[in-house]
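Note sheet for the following structure.
Only the coordinates and a few stated rules stand behind these numbers; no lab work does. None of the values given here were measured: they were computed from a predicted structure. Neighbour counts run over all protein chains shown; Cβ positions are idealised from the backbone, glycine included.
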Amino acid sequence: MFVGISLILTLIKFTIEVTDSSVQLTYKKIFYFWLPLAATWIMMSVEGPFLASLIARSSEPKFNLAAYGIAFSFALIIEAPIIMMMSASIALVKNRQSFLKLKNFTYAVNTLITLIMLIAVIPVVFYSITETLIGLPAEISRLTHIATIILLPWPGAIGYRRFYQGILINNNLTRRVAYGTAVRLIAMLICASALYVSGIVEGVVIGATSLSFAVIMEAIAVRLMVNRTLKKINSENLSTTQILTYRQIIKFYYPLALTSLIGLGVQPLVTFLVGQSRMAIESLAVLPVVTSFIFIFRSLGLSYQEVMIALVGEQREGFKPLFRFAFVLASFLVVGLSMFAFTPLADFWFITVSGLSDSLAEFAKLPLMIMFFFPALTVLISIQRALLVSSKNTKPITMATVLEFITIIIVMLTLINKFDAVGAVAAMLALIAGRLVANIYLFKSSFRQT
């Protein structure tokens with residue numbers, strides 16, 4: 001990974017040097033705008049592998065890793081309606097009036113998703129899902145329930161800080177976004193290390209507690225750092241020419257929320273299907289390790305969406321340099337992941353870093369190989385979504401996600417039921433197929449007028 005990042009920096013430095021000075025949006029400007037956001041996502045991506053490595057070194061690693069992955073999937077799907085709030089904040093907050101409207105909307109959605117999660121952790125509701133519907137073993141179901149309860153603050157804290165992060169980005173304060181994530185990472189490391197050394201809690205509790213504590217600390221830090229900017233926004237006179245209504249917010253945001261809900265909702269469904277597959281326990285155990293490692297590379301692509309929204313311009317005048325930068329980024333992400341997927345570095349990561357047993361490490365290699373090209377598809381869909389968000393045409397994003405969801409389910413059902421595929425392998429192949437379908441669908445609508 002570090003070699004890949006160094007190569008990215010080297011090539012970007014070269015492209016900066018040869019950039020035509022007539023291009024208003026230079027690669028240097030893109031790089032320095034993107035770098036703090038990339039650092040933010042990189043720091044977030046470290047959480048998964050670090051926590052998975054501690055859980056793998058705790059007692060009953062198979063059960064605890066599986067429970068942690070399932071609980072995290074539940075938290076993600078409940079968080080889904082609020083996760084696009086950063087993009088909405090960048091696109092919609094233009095003055096004091098729009099800030100107040102979107103803030104009220106954000107708080108209302110936060111309250112709603114927290115209530116939904118409270119209902120979900122009621123034992124009779126929770127165990128009917130995990131044991132009756134998904135068919136999890138009783139011990140994994142118990143551990144998952146504990147972790148999900150601990151993750152109750154997670155969705156609301158995510159929505160709160162993403163709203164204010166969008167305001168920081170809109171005001172060219174991307175470094176502060178990275179500072180907030182640094183606070184989150186440090187809080188997670190301290191909490192997880194203390195719980196692990198104490199030896200008094202199960203591995204899944206270490207993971208869930210550390211995540212909740214860390215994201216709360218990040219939300220507090222972001223709110224403090226945005227304070228001066230909010231004073232400036234609140235001191236501005238109301239503009240009658242740019243009035244944002246709740247109806248406009250809902251029209252703009254509901255396709256994004258639906259997109260996230262469908263996109264993240266596929267994870268619990270994938271977990272359910274993996275639970276019905278061959279070698280289910282092994283698959284559930286390695287999936288959080290494999291996906292969290294891939295996320296390190298994907299995160300750099302995901303961070304590019306906000307860069308595109310902020311810099312592409314109303315007439316898409318910044319598209320060409322942004323697209324060339326993205327091509328370089330995607331290329332090196334694929335090279336970086338391939339260096340691990342197809343070399344002995346895979347053993348180093350899975351055994352030495354993640355703490356998997358030799359058998360689980362061997363089991364995890366093929367799923368990782370299958371996903372080697374996925375970071376490039378992530379960069380592409382970030383570009384496509386950003387172009388549509390910047391033009392306030394969010395409906396195609398939802399349709400693409402629906403098609404991706406359907407493709408994933410069809411491919412998984414086919415591989416598991418018709419070909420008796422191993423669950424982890426079926427899941428990775430399905431994710432690749434689904435994303436390709438979404439990329440193809442969005443191609444025409446997103447690149448129109450570029």
Per the helix-only model, the chain has a calculated mean residue ellipticity at 222 nm (DSSP H runs of ≥4, -39500 (n - 2.57) each, divided over all residues, rounded to the nearest 500) of -26500 deg cm²/dmol
For the chain, the longest stretch holding no GluC sites (Glu not before Pro) located in a DSSP loop with at most 14 other Cβ atoms within 10 Å is which? 1-235
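Quick one: compute the contact order of the chain, relative version, from alpha carbon pairs under 8 angstrom and 6+ residues apart, as a percent.
Once divided by the residue count of the chain, the mean separation gives 24 percent.
Would you work out if region 252-328 is rounded, prolate or oblate? Take a ≥ b ≥ c from the square roots of the eigenvalues of the alpha-carbon gyration tensor; rounded if a/c is under 1.5, else prolate when a/b is larger than b/c, oblate otherwise.
Since a/c reaches 1.5 but b/c is at least a/b, the shape of region 252-328 is classed as oblate.
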Select from Q24, F213, T343 the residue farthest towards the positive end of the dipole of the chain; place +1 on Cβ of Lys and Arg, -1 on Cβ of Asp and Glu, and compute about the Cα centre. Q24
Normalising by the residue count of region 87-207, find the relative contact order in percent from Cα pairs under 8 Å and 6+ residues apart. 31 percent
What label, among [x] 58, 57, 45; [y] 88, 56, 40; [z] 59, 47, 43, belongs to Cα extents along the principal axes in Å computed from the structure on display? [z]
One-quarter of the Cα convex hull surface for region 265-393, in nm²? 8.8 nm²
Is the shape of region 26-149 rounded, prolate or oblate, going by the alpha carbon gyration tensor and its root eigenvalues a ≥ b ≥ c, with a/c under 1.5 for rounded and a/b larger than b/c for prolate? oblate
